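Below is one structure, written out as structure tokens, with a few remarks after it.
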Amino acid sequence: MSQSHGRPAATPDDILAALDATIACARRSALYAERLAGARLRTLDDLRVLPLTTRADLQRAGAHGTRAVPLSQVVHYAESSGTSGATNSTWLTAADFDRDARALHARHPDVFAPGRVILNRFPFMAAPAHLIQLIARQGGGVAIPAGNINWDVPFPRALELAQSTGAQVLAGMPIEPVVLEEIARARGIDVRRDLALDTLFLGGSSVPPALQRRLARTWGARVIELYGSTETMLLGTSCAQGTLHLEAALAFGEILEPSTGQPVAEGGEGLLVVTTIGVEGSPLVRYDTGDVVRRLPPCPCGDPRPAILVLGRADEAVTLGNRRFHAHALLDAAAAAADALDSGVFFVVVLPDRLLVRIEAAPGQAAGEPVAALRAALGDVPVEVETVLPGNLLDVELLCRSPHVYKPIVLSDWTRPGRRVLTLVEGMIEWPRPSAGEGRRWLGRTWRTARLRRHLARRLAVESQRTR
């Protein structure tokens, strides 16, 4: 068991005092100066009458609108944005990071332990990457700062680092182990046999149960889900049973029925609204995360933290036939369908009349079993499975030919052996030159994808004309 449950449970008075302190801190920001003027908490009912904070509120507040402390106390600035491109700004103090790092370390002491090597693949614009580094500095292991949005550590280099250093923990987004497994397979590496990784610490997007089961099986590793956001920081992690628990010492969560704003009962689904307790740089009061979650019964693991299942963002739910689905259900079903073909590489397309699931599979694989898996999970929703050859959805060869990035230079001595550089860009980046065979494969894949895109676009246009 990785979790430590020995902490004394916070009393209602402790929670109320912490929330009141958050409100007092938040009032020092431009966002809350007026809307929380005079607000004091005597009971939790006083919290529930306060207005919700939305993403639109954060965007209107501007870059410094959420900041509640002087810049002299800030150590980190972060942004998040949705599909609209408008950004939310978050300012964090050293204490904000310290609280989250200590919570993660305490919950998973066997994962983050002295001498254990952590391949840190979280992008370094996001807070989790810095939390992993801080956990290591606090005695929680040896961190390798190898953020995946980094040309200096492309996917093949990350795989090499995992193998050469004997890393036991892979920390990153859920797609990371999928990509690394495919690269390993192409290089004849068995990730279970040839790597020492025993823990996949994944966050940043949904990790549906079917994908968790496949990753655990193919890697021979335990999967831990990390939940949070740029705005709220750490919200929770999963236990040994695979249940996601909210970190009540860092955030107070309300699960509210969207139409009434009332708390949902156990087993009910609603919007997760968070008041931060562990953030002083940009505290948030009753922040509507936009996530739809299900309130679960107490977990068999014995962890007293609230247990939830994240179903997906409310504004990303889709309607198929007469049923409405959140992203979690669709991704879980698609992952199970891909696993039926012994694949972890899939892509889901929602069309007006059906769900199209594209799966990479070895030649000759029939789609009957994955279709049955989809129908078992989704009911009578029209589904289609398209099997494509390996490399059509996830181009491992392209990922293995990432640019080589150098330390910038302004002088190139052509009298010596080596590269003969003529420009600053050449000095910093060397682009790979694909072979003729790779070029042909790339052109073929691009043509097939473009043909499918045109075909689906024509069908959408015809469907649109019919419904007018």
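The values are calculated or read from the model by the stated rules, or taken from the named source; none is laboratory data. Not measured: the values here are computed from a predicted model. When we count neighbours, we look across all protein chains shown, and the Cβ atoms used for this are built from the backbone with ideal geometry, even at glycine.
A few points about this structure:
- Restricting attention to region 253-263 and to residues that are outside any strand (DSSP E or B), at negative phi and out of contact with any Leu (no Cβ under 7 Å at 6 or more places or on another chain), the residue that is surrounded by the most Cβ atoms within 10 Å (Cβ to Cβ) turns out to be Glu257.
- Pair list, Cβ < 7 Å and 6+ apart or interchain, from region 412-440 residues that are charged (D, E, K, R) to residues that are assigned to a helix (DSSP H, G or I): Glu438/Glu397
- As for region 264-284, it holds at least one residue that is surrounded by fewer than 19 Cβ atoms within 10 Å (Cβ to Cβ) and of a type in the set (A, V, I, L, M).
- Contact map, region 99-117: first residue part of a loop (DSSP other than H, G, I, E, B), second residue surrounded by fewer than 20 Cβ atoms within 10 Å (Cβ to Cβ) and small (Gly, Ala, Ser), Cβ cut-off under 8 Å, separation 6 or more or different chains; pairs are His108/Ser2; Pro109/Ser2; Pro109/Ser4; Asp110/Ser2; Val111/Ser2; Pro114/Gly139.
- Residue in region 159-173 that is outside any loop (DSSP other than H, G, I, E, B) and at pLDDT below 95 present: no
- Some residue of region 251-273 being closer than 21 Å to Val223 by Cα and at pLDDT 95 or above: no
- Sole residue being surrounded by 11 or more Cβ atoms within 10 Å (Cβ to Cβ) and part of a helix (DSSP H, G or I), chosen from Gly437, Gly444: Gly444
- Residue check for Val371: outside any helix (DSSP H, G or I), surrounded by fewer than 17 Cβ atoms within 10 Å (Cβ to Cβ) and among the β-branched types (Val, Ile, Thr): no
- From the options Ala61, Ala106, residue that is hydrophobic (A, V, I, L, M, F, W, C), over 22 Å from Ile149 (Cβ atoms), surrounded by fewer than 21 Cβ atoms within 10 Å (Cβ to Cβ) and not assigned by TED's automatic domain parsing to the domain that holds His245: Ala106
- Checking Val223 against (1) assigned to a strand (DSSP E or B); (2) under 14 Å from Ala307 (Cα atoms); (3) not polar (S, T, N, Q), the condition it does not meet: (2)
- Within region 158-183, the set of residues being surrounded by fewer than 21 Cβ atoms within 10 Å (Cβ to Cβ) and of a type in the set (Gly, Ala, Ser) comprises Ser164, Gly166.
- Those residues of region 10-33 which are under 24 Å from Thr93 (Cβ atoms) and among the charged types (D, E, K, R), in sequence order: Asp14, Asp20, Arg27, Arg28
- Ala314 meets the conditions (1) at pLDDT 95 or above; (2) closer than 28 Å to Ser29 by Cβ in every case but one. The failed one is (1).
- The set of residues in region 180-195 being outside any loop (DSSP other than H, G, I, E, B) and more than 12 Å from Leu215 (Cβ to Cβ) consists of Glu182, Ile183, Ala184, Arg185, Ala186, Arg193, Asp194.
- Sole residue being within 17 Å of the chain's Cα centre (by Cα), under 30 Å from Leu374 (Cβ atoms) and of a type in the set (A, V, I, L, M, F, W, C), chosen from Ile255, Ile224: Ile224
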